[in-house]
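Comments concern the structure below.
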Amino acid sequence: MNEQNVQFTPILLGSDFNVYGMARSLYEVYGKKVKAFAEIELAPTRFSNIIDLELIPGFSEDPQWIEAMRDIKKRYQDHDEPVVLIGCGDGYAELISRHKAELEDVFICPYIDYDLIKQLNDKENFYKICDKYGLPYPSTKIITKEMYDSNDKIEQPFDYPVALKPANSVEWLDIYFEGRKKAFTIHDEAEFQDIVGKIYDNGYTSDLILQDFIPGDDSNMRVLNAYVDKNHKVKMMCLGHPILEDPAPSAIGNYVAIMPEYNQVIYDQIQKFLEEINFTGYANFDMKYDYRDNKFKLFEINLRQGRSSFFVTLNGYKLADWVIQDYVFDSLKDQDTVYANKNEDDYYLWLGVTPSVFKKYAKDNPIKKVANKLIQNGRYGDTFRYSQDKNIKRTALYYWMMHNYAKNFKKYFTEK
């Protein structure tokens, strides 16, 4: 990619693994500390020398967010260089899009319009869009709060187990109760009725997505990250093959081991979709292979980079630099789409746990054998450990996090 000597300022919103991965990606290219704003400091960005993190109370939602952003605008309004605003969570992406008209006189806001972002963020509407564009997804039934409030028994049409998840991922961030998960796998009728009740009794108001459960373990999952330029053309697509997920209830769906993979059929299908809806910016898709009809079925689209998206940078595709090349250097307009991971000899395994935890808990299959070979050859890495951001405190924090991961796997892991 073009690395001209042009001044610019990237600003990241958040403090999680996504933020650290994006900051590290930028630091690897430009060698400069990256500014970030967040409500709280999470472990991935703690004690970092490559991130200048500023904490702002209430920064995760309006009206505090936009009030804080107005103050931040004043700091940067006299900057001659471009200032690029990158949200690293569902809520931040939606907030930037909602207030884009007010922000874009100072900030570059590489996000689609608010009406479209609301449609795509809501899983129910996303599945309607999938129907329109011929994208496969699991058989689905919508459950509403009105159904629950009617006191009639909610019928579900699928055999157990079934999958249940909130349609509104942003509202779900504010819902808490014992046993809360990002998504539920439910094994019988009593559990189904109990979980639906807990969700609505604890303040959730939007719809629920009930789906036919696609059989198979974590190795049937795929994750795809894409960047779409300001002219609505896909410029990079990188597919990952998750091999292991975090088993902790609060972290279900978080990948902890990803192999790069190449699949032009998936690339072509998603590229056509993104360009036809005039998308802009980063997109992240989760999908699962269904051997019953030999299709990869979409679960959702995230309108930002994924938590584990550093696997893209690890495999040579510098995830954070695409938006810089697009808006700062204007270097993507004549560039063909990059379809990542064509050469298996260049593969690196991304890990969110230690190699020993991966080897113990990942299911034995051919892809695990390839991953183990990469580990043996030193061709693996993670988001957190970075030689240019190494100090005693971060090293101690890394071992503390890995210790907790090992405990969680021992406590929660079950064969699927």
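Things to note:
- None of Val323, Val328, Val338, Val370 is touching a Lys or Arg at 6+ places or on another chain (Cβ under 7 Å), surrounded by 11 or more Cβ atoms within 10 Å (Cβ to Cβ) and more than 28 Å from Ser250 (Cα to Cα) except Val338.
- On inspection, Ile72 passes the criterion of being at pLDDT 95 or above, surrounded by 19 or more Cβ atoms within 10 Å (Cβ to Cβ) and assigned to a helix (DSSP H, G or I).
- Flag for Tyr348 being under 22 Å from the mean Cα position of the chain (by Cα), closer than 30 Å to Val83 by Cβ and of a type in the set (Ser, Thr, Tyr): no
- For beta carbons closer than 9 Å, sequence separation of 6+ or different chains, a first residue in segment 339-355 that is over 22 Å from Trp322 (Cβ atoms) and a second that is part of a loop (DSSP other than H, G, I, E, B) and small (Gly, Ala, Ser), the qualifying pairs are Gly352/Ser308.
- Against the conditions (1) free of Cβ contacts under 8 Å to residues at least 40 places away in the same chain; (2) of a type outside the set (Asp, Glu); (3) more than 30 Å from Ser150 (Cα to Cα), Lys198 satisfies every one except (3).
- Residue in segment 228-237 that is farther than 23 Å from Tyr137 by Cα and among the polar types (S, T, N, Q) present: yes
- Residues in segment 11-39 that are part of a strand (DSSP E or B) and surrounded by fewer than 24 Cβ atoms within 10 Å (Cβ to Cβ): Ile11, Lys35, Phe37, Ala38.
The values are calculated or read from the model by the stated rules, or taken from the named source; none is laboratory data. Worth saying up front: this structure is predicted, and the values here are computed from it rather than measured. As a convention, Cβ positions derive from the backbone with ideal geometry for all residues, glycine included, and neighbour counts pool all protein chains shown.
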